[in-house]
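The structure under discussion is supplied below as structure tokens; questions concerning it will follow.
The values are calculated or read from the model by the stated rules, or taken from the named source; none is laboratory data. Since we're looking at a predicted model, the values are computed, not measured. Note that each Cβ is placed from the backbone with ideal geometry, even for glycine, and that neighbours are counted across all protein chains shown.
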Amino acid sequence: MIVVFGSINVDLVVTVQSLPKAGETVLGPGYRVVPGGKGANQALAARRAGAAVRMAGAVGGDGFAGEALASLKEAAIDLTRIRESPLPTGAAFIAVDSGGGNLIIVASGANRDARQAEIPDEWLGRGTVIVLQMEVPLAENWALVDRARRAGARTLLNCAPAGSVPADMLASLDWLVVNETEAVLVARSQGAEVSDAAAAAQALAKARKVTVIVTLGEQGARAFLPDGQAWSIGTLPIKPVDTTAAGDAFVGAFAAAMERGQDLPSALRFGSAAGALACTVAGAQPSLPLQSAIDTSLGDLAPAVQQ
């Protein structure tokens, strides 16, 4: 079982020729309203990748709430612990350029009311993988990490958007997933004097005894283990259409693979394939691939390599 505690949004997506610079206005032909939020995206990614998934979070009592939850309901994700907040449903404003790059602004809204206490103790057994991000109140995240550790559940934190993580919380995680920028920021918050992602991840893995996975976009991902091992995975040869949910696809698929007992190199490969496939379809949740598509694509992706 995977339990996701995190954000639930609607995404307002505009396609533009180029992303705006500070003070610049650019025009797009129209916009789409699609469900999103890193928590919801990762829950749906894990479900489509073959896992049974439960989710806890918050939405508003407004018209966007139904849209935000629609794909999760359709996928039969357990939403019994989604609470209704007096704040509006969270929203993300996303511009996507002709090369698939994006610019995102998130209005947190009801996500500020997400409470880990909604998750019952019986969801935190030894067979559970907890998946968290940084778009809900951080104190709630840390309280859930502590509960999960004491209950024997495994935990994965996607430190996005980047923020400070207490040292004892890092040490309580099983996996920390970051991009290159986030890796450096988290390592520096722990006092490490590093300037590149590999050094940052190595420092974190050694100091906090956590497996650190750095996503590298079109270059794939690298994993750094506390014992000094490192693994590298490439990515599928694709032409990107929209990279918005690539990281969420990776996290959800990786978590699903680990939850069903795959080893780390295999899970990295599965996650990398999912992340690449997500770049070939516009939108966040519409782009998240099914397990069958991921499995089929693995023939085009070499196994992870130990370094």
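Confirm whether residue 112 is over 28 Å from residue 184 (Cα atoms), without any contact (Cβ under 8 Å) to a residue 60 or more places away in the chain and part of a helix (DSSP H, G or I).
no
Oh, and also: Considering only strands (runs of 3 or more DSSP E) fully contained in the stretch 170-252, which possess at least 1 residues that are of a type in the set (S, T, N, Q) and under 22 Å from residue 283 (Cβ atoms)?
Values: elements: 175-179, 211-215, 221-224, 230-233.
Here the list reads 175-179, 211-215.
Out of the residues in the stretch 60-108 that are surrounded by 14 or more Cβ atoms within 10 Å (Cβ to Cβ), out of contact with any helix residue (DSSP H, G or I) (no Cβ under 9 Å at 6 or more places or on another chain) and polar (S, T, N, Q), which is nearest to residue 245 (Cα to Cα)?
102
So residue 244 clears everything in (1) in contact with a helix residue (DSSP H, G or I) (Cβ under 8 Å, 6 or more places away or on another chain); (2) modelled with pLDDT under 95; (3) more than 24 Å from residue 201 (Cα to Cα) except one condition, right? Which one?
Just one mismatch for residue 244, condition (3).
Confirm whether residue 293 is buried (at least 24 other Cβ atoms within 10 Å of the Cβ) and under 19 Å from residue 46 (Cα atoms). Walk me through it before giving the result.
Numbers: buried (at least 24 other Cβ atoms within 10 Å of the Cβ): no; under 19 Å from residue 46 (Cα atoms): yes.
The answer is no for residue 293.
Further question: So for the stretch 203-212 (the condition being of a type in the set (A, V, I, L, M), over 20 Å from residue 157 (Cβ atoms) and either out of contact with any Phe, Trp or Tyr (no Cβ under 9 Å at 6 or more places or on another chain) or at pLDDT 95 or above (or both)), does at least one residue qualify?
Within the stretch 203-212, not a single residue is of a type in the set (A, V, I, L, M), over 20 Å from residue 157 (Cβ atoms) and either out of contact with any Phe, Trp or Tyr (no Cβ under 9 Å at 6 or more places or on another chain) or at pLDDT 95 or above (or both).
Continuing with the same structure: Please go through the stretch 139-152 and pick out each residue that is under 17 Å from residue 42 (Cβ atoms) and without any contact (Cβ under 8 Å) to a residue 60 or more places away in the chain.
Listed by number, the residues that qualify are 145, 148.
Looking at 262, 229, 219, can you tell me which residue is in contact with a strand residue (DSSP E or B) (Cβ under 8 Å, 6 or more places away or on another chain) and either more than 18 Å from residue 296 (Cβ to Cβ) or surrounded by fewer than 24 Cβ atoms within 10 Å (Cβ to Cβ) (or both)? Working first, answer last.
Details: 262 fails: in contact with a strand residue (DSSP E or B) (Cβ under 8 Å, 6 or more places away or on another chain); 219 fails: in contact with a strand residue (DSSP E or B) (Cβ under 8 Å, 6 or more places away or on another chain).
On inspection, the qualifying residue turns out to be 229.
Provide a single number: the residues in the stretch 254-291 that are farther than 30 Å from residue 95 by Cα, assigned to a helix (DSSP H, G or I) and of a type in the set (Gly, Ala, Ser).
Adding up the residues that qualify gives 3.
Okay, moving on. Scan the stretch 54-78 and report the pairs whose first residue is free of Cβ contacts under 8 Å to residues at least 24 places away in the same chain and among the acidic types (Asp, Glu) and whose second residue is assigned to a strand (DSSP E or B) and loosely packed, with under 14 Cβ neighbours inside 10 Å, with Cβ atoms within less than 8 Å and a gap of 6+ or a chain change.
none
Does any residue in the stretch 1-24 that is farther than 30 Å from residue 142 by Cβ and at pLDDT below 95 come within less than 6 Å, Cβ to Cβ, of a residue that is part of a strand (DSSP E or B) and of a type in the set (D, E, K, R) six or more places away or on a different chain, and which pairs are these?
Pairs found: 13/32.
Moving to a separate point now. Looking at this structure, is residue 39 at pLDDT 95 or above and farther than 24 Å from residue 280 by Cβ?
It is false that residue 39 is at pLDDT 95 or above and farther than 24 Å from residue 280 by Cβ.
In the stretch 250-261, how many residues are out of contact with any Lys or Arg (no Cβ under 9 Å at 6 or more places or on another chain) and either within 17 Å of residue 235 (Cβ to Cβ) or without any contact (Cβ under 8 Å) to a residue 40 or more places away in the chain (or both)?
3
Moving on. Exactly one condition in (1) in a helix (DSSP H, G or I); (2) more than 19 Å from the chain's Cα centre (by Cα); (3) buried (at least 17 other Cβ atoms within 10 Å of the Cβ) is not met by residue 122; state its number.
Only one criterion in (1) in a helix (DSSP H, G or I); (2) more than 19 Å from the chain's Cα centre (by Cα); (3) buried (at least 17 other Cβ atoms within 10 Å of the Cβ) is unmet by residue 122, namely (3).
Related question: Please work out if residue 173 is without any contact (Cβ under 8 Å) to a residue 40 or more places away in the chain, under 17 Å from the mean Cα position of the chain (by Cα) and crowded, with 22+ Cβ neighbours inside 10 Å. I'd like the intermediate steps shown before the answer.
Numbers: without any contact (Cβ under 8 Å) to a residue 40 or more places away in the chain: yes; under 17 Å from the mean Cα position of the chain (by Cα): yes; crowded, with 22+ Cβ neighbours inside 10 Å: yes.
Yes, satisfied.
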